[in-house]
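Please read the structure below before turning to the comments.
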Amino acid sequence: MPNGRSCWRSSGGRWIGTGSNTSPSHGGKPIAERIRELNTRFRVGSAPVLLASLGVAQKGLNIPEADRVLFLTRSWTAKTEDQAEGRVLRPQQTRPVTTEFVHLRGSIDDYQGQMVAHKRDAINAGLDWGTPALDDVEFLHLDTLLGRFVEDLAGLMGCRTHEVRDRLAA
């Protein structure tokens, strides 16, 4: 997946494919502009969904007005993702909260997601002297995920997997 900024730029502040009004917040915008948009479009405006990169949502930002946040970037650590999700879970929060990480199926996003899940599980099991909850979940190697991605892409393109590279280069 391209970096989050290019997705937001191409979507023009609209969540791609749904027409939903969103408020994008990412490091490609100057801080003053980010804060102004957050205040006018999201906190008191018409945008019900916040699109955020982990970089801007990780530290120093409190957004208890949010009950739905979509992250278009991933981290390699549970700590970073938990910190970003915690920006919404403030004492002032009065509603149930949904945070989601948007993945391009079969991409590095899937691999990062499973790495973070397994790291979080190992940490929790170590802290609680317990058995990991994901003990029976298959860990997919990056080669497997990328292979599936190419298979899916070939299916969408109507060709065989070995023809994908040539078609993309054309």
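So here's what we get for this one:
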read-out: Breaking point among (1) loosely packed, with under 14 Cβ neighbours inside 10 Å; (2) of a type outside the set (A, V, I, L, M, F, W, C); (3) modelled with pLDDT under 85, for Pro132; value: (1)
read-out: Any helices (runs of 4 or more DSSP H) falling wholly within region 46-128 and containing at least 1 residues that are at pLDDT below 85; value: 54-57, 108-128
read-out: Test: residue in region 35-44 that is surrounded by 16 or more Cβ atoms within 10 Å (Cβ to Cβ) and under 30 Å from Leu146 (Cβ atoms); value: no
read-out: Residue check for Ala133: touching a residue at least 40 places away in the same chain (Cβ under 8 Å) and not β-branched (Val, Ile, Thr); value: no
read-out: Qualifying residue in region 135-155 (condition: part of a loop (DSSP other than H, G, I, E, B), in contact with a His (Cβ under 7 Å, 6 or more places away or on another chain), closer than 18 Å to Thr77 by Cα and not assigned by TED's automatic domain parsing to the domain that holds Val49); value: yes
read-out: Subset of region 57-80 (residues that are within 11 Å of the chain's Cα centre (by Cα) and either under 24 Å from Arg41 (Cβ atoms) or not assigned by TED's automatic domain parsing to the domain that holds Asn39 (or both)); value: Val69, Leu70, Phe71, Leu72, Thr73
read-out: Residues of region 98-128 classified as more than 12 Å from the chain's Cα centre (by Cα), closer than 17 Å to Ile63 by Cβ and surrounded by 15 or more Cβ atoms within 10 Å (Cβ to Cβ), total; value: 0
read-out: Residue match in region 76-85 (condition: surrounded by 14 or more Cβ atoms within 10 Å (Cβ to Cβ) and touching a Lys or Arg at 6+ places or on another chain (Cβ under 6 Å)); value: yes
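The values are calculated or read from the model by the stated rules, or taken from the named source; none is laboratory data. Keep in mind that this is a model prediction, so the values were computed, not measured. Reconstructed Cβ throughout: ideal geometry from the backbone, glycine too, with neighbour counts over all protein chains shown.
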